[in-house]
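Take a look at the structure set out below.
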Amino acid sequence: MQGGGGAGAGLGARLWRWGPPPARGPQDLSGDGGVHKEELRPGTGQPVPPAATVAVKYSGYLEHADEPFCTNCTTKLPRLMKLGEDITLRGLEIGLLTMKKGEVARFVFTPVYAYGQQGCPPLIPPNSTVLFEVEMLDFLDSADSDAFFALTAEQQDTFPLQKVLKVADTEREFGNYLYRKQCFEGAKERYKRAYSILGRSPSNEAEQCQIDASKLLVLLNLSVTYLKLEHPDQALMYGEKALEIDHRNTKALFRCGQACLCMTEYKKARDFLVRAQHIEPFNNDINNELKKLASCYKDYVEKEKEMCCRMLASLNSSHA
């Protein structure tokens, strides 16, 4: 590598052998040799925008080290990090802004773009050049969302509808990411933020349709998340709100059926699930839930019979 100094060149050459050959030759991103990039696997779409929120896997290495001094690669879904706030390495911020979704790259940072002359004892010695291997799993362009929530309530009401819908979609995607991480409380809060900003009054029927389409997705997300949180009453409430928008939505009918089954409201559960089955008769999830309902109801009836028999036996013995 050129321009990175002896330590940077040696580090890059050594770690070159650890993985596949780079898809592109080394790039000097900083213009002064302080940040070099080797693209190992190209990504797709647009590069990460400024102020985005990113999900990345990374490992950081010192020269002559076989083990990383920091890594999050043991985590299936790493936490989301916001550029300019959660990422403290200047070189890493520069590098991430050049990446696309799915891309894998190696970066070499000289001390001024990494941990400086002081380092970060005891892990990082003074004046260390470091290498980071990074995979860009996903990113969300959260600039509009950040700007929206920085406004007053009055200012939010004047925000253009298309931008409001974009903010709601961004919040929902945040929720989806947290849901996949099984952080259901965090997902719920993101979905509720999305739902809260979709309550504005439309100017015409076309706007109402756009708002309803966004609302429906969020309501379905809220319903399934509350099921995961074991709050079936809330899951039913949001499922029924979804049905007010689209009374034939099978996901909403299915979630309502699941919620009622959790609350042992067997008749209501059957009504919802049968309606869903009429729309999608070959849907395995719906059919399996109906089988589960039948089994639960059978157990319930048997327990009721057993309880009645015990009560009668107790009454008979008291009169004997």
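Miscellaneous remarks
- Top-ranked residue in region 134-154 [being in contact with a strand residue (DSSP E or B) (Cβ under 7 Å, 6 or more places away or on another chain) and surrounded by fewer than 20 Cβ atoms within 10 Å (Cβ to Cβ); ranked as nearest to Pro42 (Cα to Cα)]: Glu135
- Pairs meeting the criteria (first residue in region 191-210 and in the same structural domain as Gln234 (by TED's automatic domain parsing), second residue of a type in the set (S, T, N, Q), beta carbons under 6 Å, at least 6 apart or on different chains) are Tyr191/Asn221; Leu198/Ser214; Pro202/Gln208.
One line per residue, one yes/no per condition, for (1) outside any strand (DSSP E or B); (2) touching a residue at least 24 places away in the same chain (Cβ under 8 Å); (3) not assigned by TED's automatic domain parsing to the domain that holds His64:
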residue	(1), (2), (3)
Gly84	yes, yes, no
Glu93	yes, no, no
Thr98	yes, yes, no
Phe107	no, yes, no
Val112	yes, yes, no
Gly116	yes, no, no
Glu133	no, yes, no
Gln155	yes, no, yes
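- Selection status of Leu151, modelled with pLDDT under 95 and within 21 Å of Phe69 (Cβ to Cβ): no
- Selected residue (only one of Leu96, Leu131, Leu165 is surrounded by 20 or more Cβ atoms within 10 Å (Cβ to Cβ) and under 23 Å from the mean Cα position of the chain (by Cα)): Leu96
- Looking only at region 157-189, and only at residues there that are closer than 15 Å to Asp138 by Cβ, basic (Lys, Arg) and not in a loop (DSSP other than H, G, I, E, B), the one that is modelled with the highest pLDDT: Arg172
- Close pairs (6 angstrom Cβ cut-off, 6 or more residues apart or separate chains): closer than 17 Å to Val56 by Cβ in region 163-184, at pLDDT 95 or above and crowded, with 22+ Cβ neighbours inside 10 Å anywhere: Phe174/Arg190; Leu178/Ala187
The values are calculated or read from the model by the stated rules, or taken from the named source; none is laboratory data. Because the structure is a prediction, the values reported are computed rather than measured. Cβ atoms come from the backbone with ideal geometry, glycine included; neighbour counts cover every protein chain shown.
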